[in-house]
Amino acid sequence: LVLASVNQWRPIVETIEVSKLRSVHAERTLAPALFELNKNGALNGHVPVTAIVSMVLVALAIIDGDNAVVMSNERSASIGNLMHDGIRINHQFSKSFDVEGHIARIVALEVAANLTYFSLLRPLSELDIARRFAATTRYDSVFTSCNRAFRLDAGQRLDHWCCDCPKCRFVFLALAPFVSRDRLVGIFGHEMLDDTAQTDGFDELIGWQANKPFECVGEVEESVAAFILLTQSAEWSTSALVKRFRDELQPQLVVPPDITTRPFEPSQQHIVPARYRKALDEAS
């Protein structure tokens, strides 16, 4: 098993160090002309960064002599954010199952027939991944998925969770049903579910009079399920936003009766090779 990364940001480096696994890295540099265009008024678009990273990892695997590129894209990445003019818009399209299949076919047919490309986590929801991850504490002090920890401008880069963006809100919400309050506050440095200034942001996650954020966050149904689980927790039910959800929002929501169990049922939509499925099952 070899870990691989594109660029070596602090959270990536420290997480690899904790894992004690061998790693390989590539550096990705943006063309300076892009920044000049921004200065002259050009707008930034969303690039298919996961597809770009995938191709870099395929090259690394070939150079390193590996036989598989194993991604960590979950099933919720295939779900769109909103409908616009009859078209489903998905901020995470390059992480979706459709793109995974296209890349796998291209790699097998055009690049290296003996190199397998797939996402090990594709059968799982974000909530199930959070449940499994919560079982270990070894990465508590080093991991983050907050985008502000990966900014290109080192002067604007944070070395911790910002606690004020969709990704921070979702990861906090997804972990909360499976992690003690003290442990989670220790990880983030802030009790986000007791912060009423975060109300609108959490409402976006559950789709309450808003679209799902254009960020890499889980499905609306998963966020609703997480809140419902928290209302059943003696420890978390006293947090301000959990109480608000229970008393004000939940009575107005129409949800399936199995909403809190469905996220933990693996999907059959994946291309995980049989020899890797055992590792996924053992980590359940």
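The values are calculated or read from the model by the stated rules, or taken from the named source; none is laboratory data. Predicted, not measured: the structure shown is a model, and the values here were computed from it. So basically every Cβ, Gly included, is an ideal-geometry build from the backbone, and we count neighbours across all protein chains shown. Protein only, heavy atoms only, side chains kept; ligands, DNA and RNA dropped before computing areas. Shrake-Rupley method; radii C 1.70, N 1.55, O 1.52, S 1.80 Å.
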Candidates Asn38, Asn81, Asn90; GNM for the chain (alpha-carbon contacts under 10 Å) flags as most fluctuating Asn38
I need the chymotrypsin sites (Phe, Trp or Tyr not before Pro) found in region 204-276, filtered to DSSP loop residues with at most 15 other beta carbons within 10 Å of theirs. Phe214
Heavy-atom accessible area of the chain with neighbours in place, 1.4 angstrom probe: carbon+sulfur share in percent works out to 54 percent
Say the dipole of the chain comes from +1 at the beta carbon of Lys and Arg and -1 at that of Asp and Glu; which of Ile129, Val53, Leu241 then lies farthest toward its positive end? Val53
Check cross-link reach from Lys167 to the lysines: straight Cα distance under 19 Å, and skip same-chain residues fewer than eight apart. Lys95, Lys212
Can you tell me which of His102, His46, His160 moves the most in a GNM of the chain? Springs connect C-alpha atoms under 10 Å apart. His46
Could you give me the radius of gyration and the Dmax of the chain, taking only the C-alpha atoms into account and expressing both in angstrom? 19.6, 57
Evaluate E = 1/(1 + (r/R0)^6) for Lys20 and Leu249, where r is the Cβ-Cβ distance and R0 equals 35 Å; express this FRET efficiency to the nearest 0.05. 0.20
Just want to confirm a number: the relative contact order over region 75-205, from Cα pairs under 8 angstrom separated by 6+ residues, in percent. 16 percent
Of Pro177, Pro32, Pro11, which is the most mobile in a GNM of the chain whose springs link Cα atoms less than 10 angstrom apart? Pro32
Sorted by accessible area with a 1.4 angstrom probe, largest first, how do Phe35, Phe118 fall? Phe35, Phe118
When the dipole is taken about the Cα centre of region 125-267, and only Lys, Arg (+1) and Asp, Glu (-1) are charged at their Cβ, what size is it in debye, to the nearest 20? 320 debye
Specify the inter-centroid distance of region 27-75 and region 180-217, based on alpha-carbon positions, in whole Å. 28 Å
The ³J(HN,Hα) series, computed from each phi in region 24-36 with the Karplus coefficients 6.51, -1.76 and 1.60 at θ = phi - 60°, rounded to the nearest Hz and given as x for glycine or proline, is 10, 9, 10, 9, 10, 10, 7, 5, x, 4, 5, 5, 5
